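Visitor: One structure, pasted below without further comment.
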Amino acid sequence: MKWGLLLVISAALAVFGVVVLTQLEKEPSYEGISFSEWMTLYPSNPDRASFAIRAMGKEALPFIRRDLRARDTKFDLWLRAKLRQQNWLDWNSLSAFRRNVNGIQGCAELGTNAEAALPELEALLSHDLRMRREVVSAMMRTGTAGSFFLLRAFTNATYPSEIKAEVTGALQLMFWIPNSPDPTPTIRYLLNQLDITTPSVRRDAAEALGWIRQLPAVCIPALGTLISDADVEVRRAAVVSLGRFGAGTKTHSEPLVRRAFDDSDLSVRTAATNALGRLYPPPPVDYE
């Protein structure tokens, strides 16, 4: 029993020493407080910690990326379990999960200055579903560069539906919020995807255009070309997206949507009916 305790203590001290040396090495600081210490303060004082992280700027980025890459080994998990049995102090702050959360928060604060961390955010998105909303939000804040990573996640068939749902929500919001990025590069990329021979690529691009709902003057004609696509899923996605552009575009969208009423597939005709309803929403009800 005593030897077991000594083994746990030795292992704990070794791990603690490595973590401390790693976290304190050449870290940027603000008001004499290091980046890691500010991240520890973040939950209790988010406004002040946020200001500090932004003040450190890109100097903090290598350490943010380090935290995003953190992963618990089986030994790490075993060690913390043993420490809890010995009624030691809570070492959860050293867990990979806690460090991942710190990295995500750091990216969100740096915004477009965190573009270089997008590969780490992408890897974390598929690694731990618990953080999917926070990861997607941080990607969204990186601007145009983040939009391409979001689109890659949107079109990744191996991702579970929970991730696609979060990414869809981000695509709906990111070009409509204050200080949103210029949608032109993203739209141009999606328009090019409409010409790819793989049907699933064309379908996903058409869906994404409908969620983003920007630059209708170029997007609506491009979606209209898909009304006669050979693939039924592509045709349905195009019709649905035309409807999502809303009543303000009905002059140009309606003729294209009505063409889909002659489609041989029932699901496309149903999508056309629903799209027309979006182009002509019912007037608000006056209860007085």
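Only the coordinates and a few stated rules stand behind these numbers; no lab work does. Since this is a predicted model, take the numbers as computed values, not measurements.
Visitor: Full extension from PHE97 to ARG259: what is 0.36 nm times the residue separation minus their Cα-Cα distance, to one decimal in nm?
Guide: Details: separation 162, 0.36 × 162 = 58.32 nm, distance 5.13 nm.
Between PHE97 and ARG259, full extension yields 53.2 nm more.
Visitor: Taking only C-alpha pairs under 8 Å that are 6+ residues apart, what is the relative contact order of the stretch 182-280 in percent?
Guide: On the way: 135 pairs, mean separation 24.3, N = 99.
That works out to 25 percent.
Visitor: Still on this structure, please answer the following. Work out how much length ASN274 to ASN156 would gain on full extension: take 0.36 nm times their residue separation and subtract the Cα-Cα distance, in nm to one decimal.
Guide: The span from ASN274 to ASN156 would gain 39.8 nm if fully extended.
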